[in-house]
Each structure stands twice: as structure tokens, then as C-alpha cells.
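The values are calculated or read from the model by the stated rules, or taken from the named source; none is laboratory data. None of these values were measured; they are calculated from a predicted model. Here Cβ is always computed from backbone atoms with ideal geometry, including for glycine, and neighbour counts include all displayed protein chains.
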């Protein structure tokens, strides 16, 4: 089985070095998609936490982690 080896890359312009190919058994697809959804929500929460914390720091505040976490619910 080929997953985009150098031979495939020689003939398909879409397979540049910035493109990764991988395979996943169909029986695990639903579980994989659910895990990605959980990780995406976590990443969104973390990004919000850090952006709000940065805003506070840039405005001269010195928030504790607890204060920054509390800002997530506002």
C-alpha cells in the first residue's frame, strides 16, 4: 500500500512537501472525528483564554491564572 511515497509525489503536483497523506481504518473514523471535535473545542477555549489574558497584560493588568480563567465565562 502506498501512502504518498516519493514515487507518487513525482507524478502528482498536488502532493507537495507541505501535504501529508495518512490512512485510517473506516471502523475508527467516527471515534477519530469525535476526538478531533473535542480537541477543536479545547483549542478554541485555550485560544480565548490566552487572547483575553494578553489583552489584560497589554493594558497593564497583572491577572492571576484564576482571574484569567474567570474571564472565560464573561
Residue, modelled with the lowest pLDDT, within segment 56-74, restricted to residues that are in a helix (DSSP H, G or I) and surrounded by 10 or more Cβ atoms within 10 Å (Cβ to Cβ): 71
The one condition residue 39 fails out of (1) within 17 Å of the chain's Cα centre (by Cα); (2) modelled with pLDDT under 95 is (2)
Could you check residue 37 against (1) touching a helix residue (DSSP H, G or I) at 6+ places or on another chain (Cβ under 7 Å); (2) exposed (fewer than 11 other Cβ atoms within 10 Å of the Cβ); (3) assigned to a helix (DSSP H, G or I) and say which number it fails? (1)
